[in-house]
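Note sheet for the following structure.
The values are calculated or read from the model by the stated rules, or taken from the named source; none is laboratory data. Just so it is clear, the model here is predicted, and its values are computed rather than measured. Glycine also receives a Cβ, built like all others from the backbone with ideal geometry; neighbour counts cover every protein chain displayed.
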Amino acid sequence: MIASAIRVATLSAVFVFAVAACKSSTPPRPAVPYNVLIVSLDTVRQDVLGTYGHRPKYAPDVDTSPALTRLAREGVRMSDAYASSSWTLPSHIALMTGRPGIAHAVESEGAVLDPAIPTFAEILANHGYRTAGIYSAPYLDPYWGFARGFETYTPVYGAATTEISARVAALRSEAEQAATAGDWARYDDTKRRLGVVEGELNDNSQIVVTSPQVAEATIAQLEAFAQDGRPWFVFAHFFDAHCDYVPPPPYATRFDPAYAGTFTGADCMGGSDVGTPHPDRPGALVRAIGDRDLEHLHALYEGEVAWVDEHLGKILDALERTGMAKHTLVVVMSDHGDEFFEHDGLGHRRTLYEEVVRIPLVLRLPEVLPSNAVVAGPVSLPDVLPTVLDVLGLPAVATPGGRSFLAAVRAGDPVEHAPLLRTVMMFGGAVQVDGSEPVALRQVVVQDGFRHGSLKVQRRRSWPQFQAGLAPDVTAILQREAALQYAREELRWIDLARLPSEPREQYSTDFDTPAAKEALAAFQEAYADGLEQRPDEHRTSPLPHNIRSKLESLGYLERESGPTFPEPDLVLPIPGDPEGATRRRQEPDAR
């Protein structure tokens with residue numbers, strides 16, 4: 001939940017984005033007419049859940065996830081599940097396409113899904129399924145391609161948030177029109193009014209709470225489909241476990257009832273009482289928060305997770321009430337976790353450590369999947385699509401990086417798979433060259449990861465991009481520096497079976513051992529395969545004003561101002577390749 005946004009009051013202001021086109025012929029019915037319900041629990045790390053054995057420090061007898069625990073008893077719990085990234089957008093695209101980030105290419109705000117890549121909803125709609133999606137965070141907006149294949153794709157935002165964001169977008173458009181027309185008096189007046197409305201959006205002190213509305217919309221959709229009789233696919237997304245950690249009563253005190261401090265969990269990612277920017281590691285913090293306050297922060301996070309789980313339970317109850325549970329494949333997962341200073345930070349989208357990429361994944365289909373089963377071995381979000389198609393008896397589709405784990409579930413055998421991981425960060429700054437005026441820069445940081453057995457390999461590259469329009473001699477200096485930084489590659493590995501907490505100092509850069517060599521070779525092959533499937537045309541476009549306004553209000557983006565930068569080419573050389581080989585070799589664009 002985010003302190004700068006607004007509590008949702010009713011569902012009446014939710015608008016429905018209809019995306020299905022009329023078809024002249026009836027699609028074929030599925031081979032096995034089971035319904036499919038996928039529920040995404042945003043920002044829920046695996047080890048915060050009672051389902052996975054967690055016991056809260058100050059409430060050890062209270063399960064943080066009783067609904068999910070019940071679902072796991074009736075179905076299958078994957079014990080070693082991974083997101084494909086440590087933030088929402090690329091992870092959900094991986095879920096919906098069966099492709100890791102390197103293959104689907106939607107790895108930053110400016111990239112959109114290639115229309116040639118089929119989505120979960122499109123595939124099932126083509127086999128006769130009714131489809132509906134309900135989402136509650138701006139990173140699942142139709143802009144990126146999520147709505148394709150859904151008959152309805154419904155955002156659950158607060159009425160006030162939607163209204164203010166629309167006003168911001170309208171004023172920005174008006175300012176652009178005035179500038180184009182050279183009407184600078186109108187431009188100045190519009191910018192003044194825009195500043196007032198942006199302040200209203202960003203300074204609002206209320207909290208987003210959307211779980212009741214997500215559950216309500218999902219249950220209403222289930223009940224409507226129950227009357228239809230055709231098989232259906234419903235996707236539901238819960239956002240409330242996200243920072244800020246300000247759970248509603250009774251969850252605000254349930255997991256730390258004796259806390260007597262003053263830390264509230266609002267604005268939990270910022271403020272000098274939490275930490276200050278690390279001077280040497282971009283995105284990291286020098287911790288300021290004390291042990292007891294940090295424990296309380298984690299207890300508030302537990303409360304958020306339990307609050308979301310309560311509403312997951314309401315959806316599961318509705319399935320039972322309508323008689324559809326025995327014919328519905330339920331899949332519950334997360335898109336990433338949150339860090340609590342395990343590796344010098346809070347939140348996510350910064351690293352690929354286990355706390356931000358290891359997620360829950362639970363499946364249930366009575367009399368088809370085993371009950372109370374625990375299946376070991378690494379699986380990841382791109383594996384969900386091919387597994388669901390396998391369960392339904394539908395033809396497989398090309399999902400590079402994703403594959404069905406149904407056979408392992410039925411046999412009770414460990415899964416033998418090797419998930420690809422990736423996250424991309426971009427953050428601004430300035431540099432001065434030879435007495436020139438400060439030059440705006442954007443540092444691009446790309447981290448790739450690979451899980452091979454118990455070994456985890458990580459690769460990191462970073463380089464700066466600079467604003468356009470500089471003097472040629474300054475540009476030449478900066479481009480040389482960008483190329484030097486780009487050429488440096490950090491490559492390391494760790495054995496998670498021996499060191500599950502991933503101490504940074506215990507990572508090794510020595511790839512001479514047979515196990516490390518094998519893991520690196522497998523990493524290189526998987527990465528090359530992903531590159532081969534990556535769209536040749538990198539599709540980008542400016543963020544629409546309404547989406548940018550929502551992301552700014554949630555603290556994801558800085559206000560739109562200052563120089564712009566090109567979308568970086570994220571097709572990097574094969575990890576550990578001394579020749580720097582890649583499918584499409586390009587130097588970094590430093591402009």
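Select from segment 197-225 the residues that are at pLDDT below 65 and out of contact with any Leu (no Cβ under 7 Å at 6 or more places or on another chain) and list them in ascending order. Outline the logic, then answer.
The initial filter retains those residues of segment 197-225 that are at pLDDT below 65, namely 197-207.
Once the filter is applied, which keeps residues that are at pLDDT below 65 and out of contact with any Leu (no Cβ under 7 Å at 6 or more places or on another chain), segment 197-225 yields E198, G199, E200, L201, N202, D203, N204, S205, Q206, I207.
Please find, among V76, V62, V106, the residue that is under 23 Å from L352 (Cα atoms) and in the same structural domain as V375 (by TED's automatic domain parsing).
It is V106.
When H311 is evaluated against the numbered criteria (1) farther than 30 Å from P386 by Cα; (2) over 19 Å from the mean Cα position of the chain (by Cα); (3) assigned by TED's automatic domain parsing to the domain that holds D228, which criterion, by number, is the only one it fails?
Going through the list (1) farther than 30 Å from P386 by Cα; (2) over 19 Å from the mean Cα position of the chain (by Cα); (3) assigned by TED's automatic domain parsing to the domain that holds D228, H311 breaks only (1).
With T69, T152 as the choices, which residue is out of contact with any Lys or Arg (no Cβ under 6 Å at 6 or more places or on another chain), under 30 Å from V368 (Cα atoms) and either free of Cβ contacts under 8 Å to residues at least 24 places away in the same chain or not assigned by TED's automatic domain parsing to the domain that holds A376 (or both)?
Answer to the check: T69.
Where in segment 388-483 are there strands (runs of 3 or more DSSP E), lying fully within it, with 2 or more residues that are of a type in the set (F, W, Y)?
Passing ranges, in order: 455-466.
Does G283 meet the test of being touching a Phe, Trp or Tyr at 6+ places or on another chain (Cβ under 8 Å), farther than 22 Å from S40 by Cα and surrounded by fewer than 17 Cβ atoms within 10 Å (Cβ to Cβ)?
Spelling it out, G283 is indeed touching a Phe, Trp or Tyr at 6+ places or on another chain (Cβ under 8 Å), farther than 22 Å from S40 by Cα and surrounded by fewer than 17 Cβ atoms within 10 Å (Cβ to Cβ).
Which residue is surrounded by the fewest Cβ atoms within 10 Å (Cβ to Cβ), if the candidates are limited to segment 52-72 and must be part of a loop (DSSP other than H, G, I, E, B) and charged (D, E, K, R)?
The extreme case among them is D61.
Anything in segment 226-243 that is modelled with pLDDT of 95 or more and touching a Ser or Thr at 6+ places or on another chain (Cβ under 9 Å)? List them, or say none. Explain how you work it out, then say what you get.
So the first thing to find is which residues in segment 226-243 are modelled with pLDDT of 95 or more, and the list is 231-238.
W232, F233, V234, F235, A236, H237, F238 - these are the residues of segment 226-243 that are modelled with pLDDT of 95 or more and touching a Ser or Thr at 6+ places or on another chain (Cβ under 9 Å).
Kindly evaluate F146 against the criterion of being closer than 25 Å to R45 by Cα, at pLDDT 85 or above and crowded, with 23+ Cβ neighbours inside 10 Å.
yes
Can you give me the number of residues within segment 448-470 that are surrounded by fewer than 21 Cβ atoms within 10 Å (Cβ to Cβ) and within 17 Å of R488 (Cα to Cα)?
Narrowing segment 448-470 to residues surrounded by fewer than 21 Cβ atoms within 10 Å (Cβ to Cβ): 453-454, 460, 462, 464, 467-470.
Subsequent filtering for residues that are within 17 Å of R488 (Cα to Cα) retains 460, 462, 464.
Residues that pass the stated criteria total 3.
Quick check on this structure: which one of G75, G110 is surrounded by fewer than 24 Cβ atoms within 10 Å (Cβ to Cβ) and farther than 20 Å from V388 by Cβ? Before the answer, list the steps.
Working: G75 fails: farther than 20 Å from V388 by Cβ.
Answer to the check: G110.
Name the residue that is surrounded by the fewest Cβ atoms within 10 Å (Cβ to Cβ), counting only residues in segment 415-445 that are farther than 30 Å from L381 by Cβ and under 26 Å from the mean Cα position of the chain (by Cα).
Among those residues, the one meeting the criterion is G429.
Considering each of E310, E354 in turn, give the residue that is in contact with a helix residue (DSSP H, G or I) (Cβ under 8 Å, 6 or more places away or on another chain) and surrounded by fewer than 24 Cβ atoms within 10 Å (Cβ to Cβ).
Details: E354 fails: in contact with a helix residue (DSSP H, G or I) (Cβ under 8 Å, 6 or more places away or on another chain).
Testing whether each residue is in contact with a helix residue (DSSP H, G or I) (Cβ under 8 Å, 6 or more places away or on another chain) and surrounded by fewer than 24 Cβ atoms within 10 Å (Cβ to Cβ) leaves just E310.
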